[in-house]
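Okay, structure first, notes after.
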Amino acid sequence: MRGVRAVTVTPGVPNSLRLVDDHPEPPAEEGAILVEALAVGICATDHEIVSGGYGEAPPGATALVLGHESLGRVVEDPTGTLRPGDLVAGIVRHPDPVPCPNCAVGEWDMCRNGRYTEHGIKALPGFARDQWRVEPGFAVRLDPALAPVGMLLEPTSVVAKAWDHIERIGARAEWQPRTVLVTGAGPIGLLAALLATQRGLAVHVLDLATAGPKPELVRALGATYHAEPVTQLDLQPDVLVECTGAPTVVLDAMCAVGPTGIVCLTGVSSGGRTIDFDAGALNRELVLENNVVFGSVNANRRHWELAADALAHADQGWLASLITRRVPVGAYAEAYTPSSDDIKVVLDFTA
Ligand SMILES: [Zn+2]
């Protein structure tokens, strides 16, 4: 068997990041569709895995292939679902084996028992290798025009789920949202803002950065950029999408929405820090204004399809400008070294 290149780590072992060039070709049982990798996107979860703080190798293995933000081109699909040459991304999460009530109906993003698996994160090999395989049910076709930016589909699926749930919650009563505030202008925040503009909402984005590409990326969406704290904004948004996970921003966000407001939390905090906070005042406001605060993570197939549609209808130049570094796979170590100017770093398998 010939080998393929793969970026791997030994989960739990810091600095175990490697590029191996003799990784086994993807076995047939991994899926009917054979895919040639074009790129993977890198995010904070990858950094956490590389630092040894997260991640789980497949059963019986010590190494985990990284990469959950995939983009590839179909080589062969004997099922006829996709055609050779089609652009494709692989869905990250697979349902737990029990399955729980949610996984049983394809809502694995809402898994109740935590026994789900995830490519490149938890017990399934990732997509940072020259070739991978995927079952048709976990393959998402992308518009051919998305070849330069299609690795943004995974983070977009996360915000497509967030918006899906915001709208489901909004539908509990008459709901005509006009204004949204997004806190954090990283990839998730910017993509959440993109989906907000596609809904015709007045979009505000808040981030600490006053230099770098973020302010201009927000303005290019037709949205308003703010670099001051949430509490200093003269704004009562109908929806707030929190993407920083920073405890003080999260607490300010929960108090910032107007009556019948919805706060969607998407940022993962590290915990361990305590803050003096008037919980009674927050409770009073949530009750008296019928406000909702909820958390959102991951995405199911429906959200991946919604995300593919959202990307296909977005300005391709704007999407491309989210990718601040494209690193050839041979220089993989550079790609996994964060820099303060990064928005999205992409590992390029065609170089
Ligand atoms: Zn489950």
| request: Find the residue count for the range 88-104, including only residues that are within 8 Å of the ligand (Cβ to nearest atom) and within 14 Å of H303 (Cβ to Cβ). | output: 1
| Failed item, numbered, when R112 is tested on (1) more than 16 Å from the ligand (Cβ to nearest atom); (2) of a type outside the set (S, T, Y); (3) assigned to a loop (DSSP other than H, G, I, E, B) | (1)
| remark: Only one of (1) touching a residue at least 24 places away in the same chain (Cβ under 8 Å); (2) within 16 Å of the ligand (Cβ to nearest atom); (3) in contact with a helix residue (DSSP H, G or I) (Cβ under 6 Å, 6 or more places away or on another chain) does not apply to E107, and that is (3)
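Tally time: how many residues in the range 57-75 are part of a strand (DSSP E or B) and more than 23 Å from L152 (Cα to Cα)?
Residues that pass the stated criteria total 0.
With the requirement that a residue be acidic (D, E) and either assigned to a loop (DSSP other than H, G, I, E, B) or exposed (fewer than 13 other Cβ atoms within 10 Å of the Cβ) (or both), what does the range 313-351 give you?
Residues of the range 313-351 acidic (D, E): 315, 334, 341-342, 348.
Across the range 313-351, the qualifying residues are D315, D341, D342.
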| Of all residues in the range 116-164 being assigned to a loop (DSSP other than H, G, I, E, B) and either β-branched (V, I, T) or more than 25 Å from H47 (Cβ to Cβ) (or both), which is nearest to the ligand (Cβ to nearest atom)? | I121
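Being in a helix (DSSP H, G or I) and over 15 Å from W108 (Cα atoms) is the filter here, so list the residues in the range 165-176 that pass it. So that I can check it myself, show each step before the final result.
Residues of the range 165-176 in a helix (DSSP H, G or I): 165-170.
Those that are in a helix (DSSP H, G or I) and over 15 Å from W108 (Cα atoms): I166, E167, R168, I169, G170.
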| query | Before we move on, is G85 in contact (Cβ under 8 Å) with a residue 24 or more places away in the chain, more than 16 Å from the ligand (Cβ to nearest atom) and in contact with a strand residue (DSSP E or B) (Cβ under 9 Å, 6 or more places away or on another chain)? | reply | no
| field | Checklist (1) of a type outside the set (A, V, I, L, M); (2) without any contact (Cβ under 8 Å) to a residue 40 or more places away in the chain; (3) touching a strand residue (DSSP E or B) at 6+ places or on another chain (Cβ under 6 Å) applied to E285, failing item | value | (3)
| task | Tell me which residues, restricted to the range 5-49, are closer than 20 Å to P78 by Cβ and touching a strand residue (DSSP E or B) at 6+ places or on another chain (Cβ under 8 Å). | result | E25, P26, P27, A28, E30, G31, A32, I33, L34, V35, E36, A37
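FYI, it's all coordinate maths here, none of it is from the lab. No experiment lies behind these values; they were computed from the predicted model shown. FYI the Cβ positions are ideal-geometry reconstructions off the backbone, even for glycines, and counts take in every protein chain you see.
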